[in-house]
Amino acid sequence: MSDQAVSAPAHGPVIDWVNDFDHTDPRWTENPYPIWDELRAQCPVAHTERFLGVYLPVTFEAVKEVAYDTEHFSSRRIIVRNVRPEVVQPAPPITSDPPAHKPAKQLLLPPFTPDAVKKLEPRIRAICNELIDDFIEDESCDAAAQYSKHIPVRAIAHMLGIPESDSNQFITWIHEILELGIKDDATLMRAIQEMAVYFMGHIARRKQHPTDDLISTLMQARDKNGEPLSDAHVLGSLRLLLIAGIDTTWSAIGAALWHLATTPADRDRLVAEPDLIPTAVEEFLRAYSPVTMAREVMKETTIAGCPIKPGNMVLLSFPAANRDPAVFPDADKVVIDRRENPHVAFGLGIHRCVGSNLARMEMTVAIEEWLKRIPKFRLDVRAAVRWSEGTVRGPRALPLRLGQG
Amino acid sequence: MPTTLKIHVDQDKCQGHARCKALAPELFELDTYGNAHEIGDGTVPDALIDKAWLAKSNCPENAIDITES
């Protein structure tokens with residue numbers, strides 16, 4: 001590993017969000033939406049020297065421009081960190097640019113169509129109810145730790161063909177890669193290495209006994225020359241599916257439950273009109289979009305007329321785009337029966353989230369089952385809600401009082 | 001002269017968000033990759049006109065064209 005990895009100097013607290021934003025600032029972590037509203041009023045693209053230089057487009061149009069321009073904005077780096085090592089860890093197709101992107105992505109699309117994902121629905125419903133069984137007799141629970149965290153982990157484990165009982169290990173790795181690893185390179189590399197060893201064991205077993213899960217799908221894939229995918233490609237894609245499938249959906253389910261816990265009128269309406277849940281899910285995805293991506297600037301260009309220099313990253317804020325009043329009337333209000341909602345929580349362009357149909361199904365089922373069994377709940381004021389820091393936003397602690405409110 | 005509405009999914013723009021299929025399943029079909037195309041020649045029966053416009057307005061890629069003839 002190169003020890004010429006560039007690393008960032010220390011900074012003080014943010015005063016000027018336009019020229020010195022910090023997406024790991026506690027104010028952003030607690031409530032980023034007013035910060036973006038203020039930035040949007042001043043400029044379409046903010047900048048910071050922190051994290052080795054990053055741009056932040058905050059309008060829908062600016063985010064769209066970046067997402068559609070794979071020539072100037074590469075996906076070879078998709079997380080903003082305060083080091084920029086020479087060697088990047090590939091995770092096809094999320095880190096792939098054209099032309100490598102399309103074949104890598106096409107391989108993963110068929111198992112994630114709405115019809116394919118629908119087959120998993122009974123298992124997800126059962127998982128949700130098993131989880132609820134464990135705390136429904138209690139007066140309170142942590143809906144993040146005891147409910148929303150477990151659903152996507154077990155779903156993706158099921159699709160990958162790895163034991164649901166290994167869930168806690170996956171959760172630890174994800175925390176190390178997506179949160180601790182932003183600032184702690186050693187932790188990031190150790191987690192990636194441990195995950196690789198884990199998956200190599202599963203790959204070895206499937207060479208003896210092939211299965212029909214996603215791991216076998218990757219092992220059986222052939223490139224255009226009839227060659228199997230490299231170990232690095234297979235491991236990178238498995239790491240992607242595990243990481244991408246968990247933290248993101250967990251966050252979205254958690255944010256939806258947080259909204260319902262703090263907005264009893266919406267909660268009661270969905271209890272009375274469960275057919276409205278899919279529409280509400282789209283609005284929760286818009287208003288509480290969990291995922292911010294990033295790109296590396298490869299060549300000098302402009303975004304929304306603002307000059308953009310190579311050597312910087314771009315924080316590709318789909319959440320900020322989803323709050324743009326130029327596109328969404330009442331953008332800052334959560335309207336659970338919003339009819340026109342072309343939100344971009346799952347991205348725009350070629351990198352549209354492979355797992356979007358699975359995520360939608362999990363969110364819908366998780367909310368349906370919760371509301372069937374726990375129609376009344378509110379925040380437990382004795383403990384604090386804690387939001388995650390970094391690239392994926394969702395509640396990591398969601399203390400609720402059950403049967404009240 | 002009565003007008004006919006026709007929908008068409010631009011295959012270069014469609015990225016498989018599948019909103020159209022969710023909102024107007026009678027009008028759209030998904031392929032094995034989860035990408036959408038209009039059913040038949042895209043003619044929209046009168047009873048489905050609202051759904052056609054709803055699908056178009058919910059496509060994040062703006063991939064659905066609606067033409068009158």
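The values are calculated or read from the model by the stated rules, or taken from the named source; none is laboratory data. Note that the structure is a prediction, hence the values are computed from the model and not measured. For neighbour counting, all protein chains shown are included, and Cβ atoms are generated from backbone atoms with ideal geometry for every residue, glycine included. Keep in mind that these areas ignore ligands, DNA and RNA; they rest on the heavy atoms of the full protein, side chains included. Shrake-Rupley method; radii C 1.70, N 1.55, O 1.52, S 1.80 Å.
The requirement of being in contact with an Asp or Glu (Cβ under 8 Å, 6 or more places away or on another chain), away from chain B (no Cβ under 14 Å) and part of a helix (DSSP H, G or I) is not satisfied by A:Met189.
Among the residues of the stretch A:43-62, at least one is touching a helix residue (DSSP H, G or I) at 6+ places or on another chain (Cβ under 6 Å) and over 29 Å from B:Ala63 (Cα atoms). Residues of the stretch B:1-28 that are of a type in the set (A, V, I, L, M) and more than 9 Å from chain A (Cβ to nearest Cβ): B:Met1, B:Leu5, B:Ile7, B:Val9, B:Leu23, B:Ala24, B:Leu27.
With respect to being touching a residue at least 60 places away in the same chain (Cβ under 8 Å) and open to solvent by 10 Å² or more (accessible area, probe 1.4 Å), B:Ile49 falls outside the description. In contact with a helix residue (DSSP H, G or I) (Cβ under 8 Å, 6 or more places away or on another chain), on the phi > 0 side of the Ramachandran plot and not hydroxyl-bearing (Ser, Thr, Tyr), is that true of A:Gly390? Judged against the criteria, A:Gly390 is a match. With respect to the conditions (1) crowded, with 22+ Cβ neighbours inside 10 Å; (2) under 20 Å from the mean Cα position of the chain (by Cα); (3) modelled with pLDDT of 95 or more, A:Leu131 lacks only one, and its number is (2). Consider the stretch A:293-350 and keep the residues that are open to solvent by 60 Å² or more (accessible area, probe 1.4 Å) and at the interface with chain B (Cβ under 10 Å from one of its Cβ atoms). The one that is nearest to A:Glu65 (Cα to Cα) is A:Glu340.
Among the residues of the stretch A:201-216, those identified as open to solvent by less than 40 Å² (accessible area, probe 1.4 Å) and assigned to a helix (DSSP H, G or I) are A:Gly201, A:His202, A:Ile203, A:Arg206, A:Leu214, A:Ile215, A:Ser216. Each residue in the stretch A:351-405 was checked for being aliphatic (A, V, I, L, M) and either touching a His at 6+ places or on another chain (Cβ under 8 Å) or open to solvent by 30 Å² or more (accessible area, probe 1.4 Å) (or both), and 5 of them qualify. Reported count of residues in the stretch A:68-93, each being of a type in the set (A, V, I, L, M) and surrounded by 23 or more Cβ atoms within 10 Å (Cβ to Cβ), is 2.
Counting only residues that are buried (at least 19 other Cβ atoms within 10 Å of the Cβ) and in a helix (DSSP H, G or I), the stretch A:19-54 holds 7 of them. When A:Pro57 is tested against (1) more than 14 Å from every other protein chain (Cβ to nearest Cβ); (2) open to solvent by 60 Å² or more (accessible area, probe 1.4 Å); (3) at pLDDT 95 or above, only condition (2) is not met.
The residue of the stretch A:252-289 that is nearest to A:Arg386 (Cα to Cα), among those that are in contact with a strand residue (DSSP E or B) (Cβ under 8 Å, 6 or more places away or on another chain) and open to solvent by 30 Å² or more (accessible area, probe 1.4 Å), is A:Trp258.
Filtering the stretch A:217-249 to residues that are open to solvent by 60 Å² or more (accessible area, probe 1.4 Å), farther than 27 Å from A:Ile79 by Cα and without any contact (Cβ under 8 Å) to a residue 12 or more places away in the chain leaves A:Gln220, A:Arg222, A:Asn225, A:Glu227, A:Pro228. Exactly one residue out of B:Asp31, B:Asp50 is among the acidic types (Asp, Glu), within 11 Å of chain A (Cβ to nearest Cβ) and over 28 Å from A:Leu107 (Cβ atoms), and it is B:Asp50.
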